[in-house]
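The values are calculated or read from the model by the stated rules, or taken from the named source; none is laboratory data. Here the structure is a predicted model, which is why all the values come from computation and not from measurement. No Cβ is skipped: glycine too gets one built from the backbone with ideal geometry, and neighbour counts run over all protein chains shown.
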Amino acid sequence: MISLAVAALLSMGILEQPSEVCSDVSRSPSTLDNELRDIYESGRPYTEFLSSAKRRAELWIGNTEKAEQIDSHLVARARAVGGSWRLLAVAVDSCSDSVSTIPYLAQLVDMVDGLEMRVVDPTTGLSIMESHRTLDGRASTPTILLLNEDFDEVGCFIERPPALKDWILEEDFSSQEIYPQKMEWYDRDSGYHTVEIFVEMLEAAASGAATICS
């Protein structure tokens, strides 16, 4: 029997039109240990990704501008970690979760020395999505890995901030309500919980704690 939580997530998964992600593509995931560096180096800086965005272009630009006001205390925490870290984001411009999270991470990267980010499309990042599926089994965008200086995975973010996932389940929205409620939540949150989870990942990785996968 499917739990109520998983049933709700299934509802979320079918709500929007599918993004450019095909979970039934006939390809076995590669061994990520050997390919993360190559995938990362094939990616684009956020500014290039942004300039090429055609779907949800106004929201990409608006959230990029809004991200300039990300929480200064979170930025200070990230700066205190030190070291060299990379964010590898699998994203597509049509994805409502990507446009609501990645601009804020790009701003964090711009404000913290030692942080870099590259964005790849779902074809290039398919193996990453397939090995980091949602609770209900989907390969989704965005899927974002935190990598250390050796390109080892030390954290991962799958689709949405944990705070948003929990809120949707607690509120028990109908399938018709989930999308507008989700977008209102993102607008109110202004990237705070997205940035917060990555700061927590950085702190955990720097301390040698177990990998955080949200």
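Listing for the model above:
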| read-out | value |
| --- | --- |
| Residues being at pLDDT 95 or above and surrounded by fewer than 22 Cβ atoms within 10 Å (Cβ to Cβ) - total across the stretch 134-146 | 0 |
| Close pairs from the stretch 61-89: first on the phi > 0 side of the Ramachandran plot, partner surrounded by 21 or more Cβ atoms within 10 Å (Cβ to Cβ), Cβ under 9 Å, at least 6 apart | Gly83/Leu202; Gly83/Ala205 |
| Residue match in the stretch 69-81 (condition: part of a loop (DSSP other than H, G, I, E, B) and either modelled with pLDDT under 95 or within 23 Å of Ser131 (Cβ to Cβ) (or both)) | no |
| Residue list for the stretch 177-214, restricted to those being more than 18 Å from Ser100 (Cα to Cα) and either in contact with a strand residue (DSSP E or B) (Cβ under 6 Å, 6 or more places away or on another chain) or touching a residue at least 12 places away in the same chain (Cβ under 8 Å) (or both) | Glu200, Met201, Leu202, Glu203, Ala204, Ala205, Ala206, Thr211, Ile212, Cys213 |
| Residue check for Phe157: in a strand (DSSP E or B) and within 20 Å of Ile102 (Cα to Cα) | yes |
| Condition check for Glu116: closer than 23 Å to Gly83 by Cα, free of Cβ contacts under 8 Å to residues at least 60 places away in the same chain and out of contact with any Asp or Glu (no Cβ under 7 Å at 6 or more places or on another chain) | yes |
| Hey, Leu88 touching a Leu at 6+ places or on another chain (Cβ under 6 Å), buried (at least 21 other Cβ atoms within 10 Å of the Cβ) and modelled with pLDDT of 95 or more or not | yes |
| Condition check for Arg138: in contact with a helix residue (DSSP H, G or I) (Cβ under 6 Å, 6 or more places away or on another chain) and under 13 Å from Leu87 (Cα atoms) | no |
| Exclusive hit being assigned to a strand (DSSP E or B), under 13 Å from the mean Cα position of the chain (by Cα) and buried (at least 22 other Cβ atoms within 10 Å of the Cβ), set Met129, Met117 | Met117 |
| Selection within the stretch 138-151 - in contact (Cβ under 8 Å) with a residue 40 or more places away in the chain and over 13 Å from the mean Cα position of the chain (by Cα) | Arg138, Leu147, Asn148, Glu149, Phe151 |
| Neighbours by Cβ (under 9 Å, 6+ apart or cross-chain): first from the stretch 36-47, at negative phi and of a type outside the set (Phe, Trp, Tyr); second surrounded by fewer than 21 Cβ atoms within 10 Å (Cβ to Cβ) and in a helix (DSSP H, G or I) | Ile39/Leu32; Ile39/Ser127; Arg44/Ser52 |
| Residues within the stretch 169-184 that are crowded, with 16+ Cβ neighbours inside 10 Å, touching a helix residue (DSSP H, G or I) at 6+ places or on another chain (Cβ under 6 Å) and not in a loop (DSSP other than H, G, I, E, B), tallied | 2 |
| Check on Phe151, among the aromatic types (Phe, Trp, Tyr), buried (at least 16 other Cβ atoms within 10 Å of the Cβ) and at positive phi | yes |
| Test: Ile61 is among the β-branched types (Val, Ile, Thr), within 18 Å of the chain's Cα centre (by Cα), modelled with pLDDT of 95 or more and under 20 Å from Tyr192 (Cα atoms) | yes |
